Amino acid sequence: MQKIKIAIVPGDGICQEIFPYVDELIDKLNLEIQREYFEVGLNRLLKTGRAIDDETIEKIKQCNAVLFGANSTPKESLPGYRSPILSLRKELGLFVNLRPVKNYLSSRNINITIFRENTEGLYCQKERFIDENTVVAEKIVSRATTEKLARFAYKYAANHGMKRMTIVQKSNVLKLSDRFFLDICKQIGGEYPEIETSAEYIDAACYHLVRTPERFEGILTENLYGDVLSDLAAGISDGLGMAPSSSFGEKHALFEPVHGSAPDIVGRDIANPYAVVFSLILMLDYLQFHNASNKLRKAVYENLNENIVTPDLNGSYKLSETMGLLFKKV
């Protein structure tokens, strides 16, 4: 049997401090996983002039899954700069971004899965000046990608016993693109009568997400809206430091923490590792290492129940202390 191979891409900032613990966890869990490491992001850009290149992307494609860290974005526009994560989403065909949002530390009843389209919309970065005073950004919504997204979302919801799906859009204003998206999603949703499908405009969804998050179970939405809703949902639960995500295509999968590279706390040993650890758990589930993922998940829950958390969660534990105590439970 061929050994599973994963790509480990630490990125920049605090993920450079957190990711070495991933190796220790994989070793502690006795997993037969081959690891290949790739440097992408701002650090590489400053050294080589490229944040990511085609050769790296092709090597990553040969792996069974990708564990990706946060990247720092250059403050100024640099010639030839390619966003590593946007490049990988496109080149790996990762059409859906799945973000589970669950509260572990607060008292709110939040258990939401956001299904975000991952390759189209405004994030296609098709922008142009039409004159010296006006810029136009194109928004792309295709039937093929929207159907794949909706089918993935409803199949996932059905397999996980979910009962409600909310399609979030702004079709009252964007009467072509967002109505097109909404109609396709509703058509696919009709194939799953056991799941209640509703629709909300993005502004109303933001309001209700803050006021009554328990009304949501599954959220199916476009790229930009999903980006906003994911961070908002993390903000009303336990914060970005606890938020993992996964992206899926027909052949590839990528797992990453939602938080950024946090350069202001680099080197202080206070970074929150749980979003990376939860992303690792999602990856282990995807690779069918269920015993290992359950063991690691149980260890994380025990840490959290003992309030072993870093300063961003009003805790007093350092990154090294948090992971050291986690290792003892694995």
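For the stretch 158-173, a residue qualifies if it is within 21 Å of T119 (Cα to Cα) and either among the small types (G, A, S) or more than 21 Å from the chain's Cα centre (by Cα) (or both), and the qualifying residues are K170, S171.
Among the residues of the stretch 178-199, write down those that are within 15 Å of T145 (Cβ to Cβ) and surrounded by fewer than 17 Cβ atoms within 10 Å (Cβ to Cβ). Write out each step before concluding.
Pass one, the stretch 178-199, residues within 15 Å of T145 (Cβ to Cβ): 178, 180-185, 187-188.
Scanning the stretch 178-199 gives D183, Q187.
For the stretch 174-187, the set of residues classified as over 22 Å from the mean Cα position of the chain (by Cα), part of a helix (DSSP H, G or I) and either without any contact (Cβ under 8 Å) to a residue 40 or more places away in the chain or more than 23 Å from A233 (Cβ to Cβ) (or both) consists of S177, R179, F180, L182, D183, I184, K186, Q187, listed by residue number.
Among the residues of the stretch 287-303, those that are in contact (Cβ under 8 Å) with a residue 40 or more places away in the chain and crowded, with 16+ Cβ neighbours inside 10 Å comprise L287, F289, A292, K295, L296.
Suppose the filter is under 14 Å from the mean Cα position of the chain (by Cα) and modelled with pLDDT of 90 or more; does R99 pass it?
Numbers: under 14 Å from the mean Cα position of the chain (by Cα): yes; modelled with pLDDT of 90 or more: yes.
Here the answer is yes, as R99 does meet what is asked.
Restricting the stretch 240-286 to residues that are touching a residue at least 60 places away in the same chain (Cβ under 8 Å) and among the hydroxyl-bearing types (S, T, Y) leaves a set whose member that is nearest to S316 (Cα to Cα) is S261. Residue count for the stretch 146-173 under the criterion of being in a helix (DSSP H, G or I) and closer than 15 Å to G226 by Cα: the result is 4. For first residues located in the stretch 14-29 and over 20 Å from V258 (Cβ atoms), partners that are aromatic (F, W, Y) and surrounded by fewer than 18 Cβ atoms within 10 Å (Cβ to Cβ) and lie 6+ apart or on another chain with Cβ distances below 7 Å form the pairs E24/F327; K28/F327. Is it the case, given these coordinates, that E214 is more than 19 Å from the chain's Cα centre (by Cα), assigned to a loop (DSSP other than H, G, I, E, B) and either modelled with pLDDT under 95 or in the same structural domain as V168 (by TED's automatic domain parsing) (or both)? No, not satisfied.
The values are calculated or read from the model by the stated rules, or taken from the named source; none is laboratory data. None of these values were measured; they are calculated from a predicted model. When we count neighbours, we look across all protein chains shown, and the Cβ atoms used for this are built from the backbone with ideal geometry, even at glycine.
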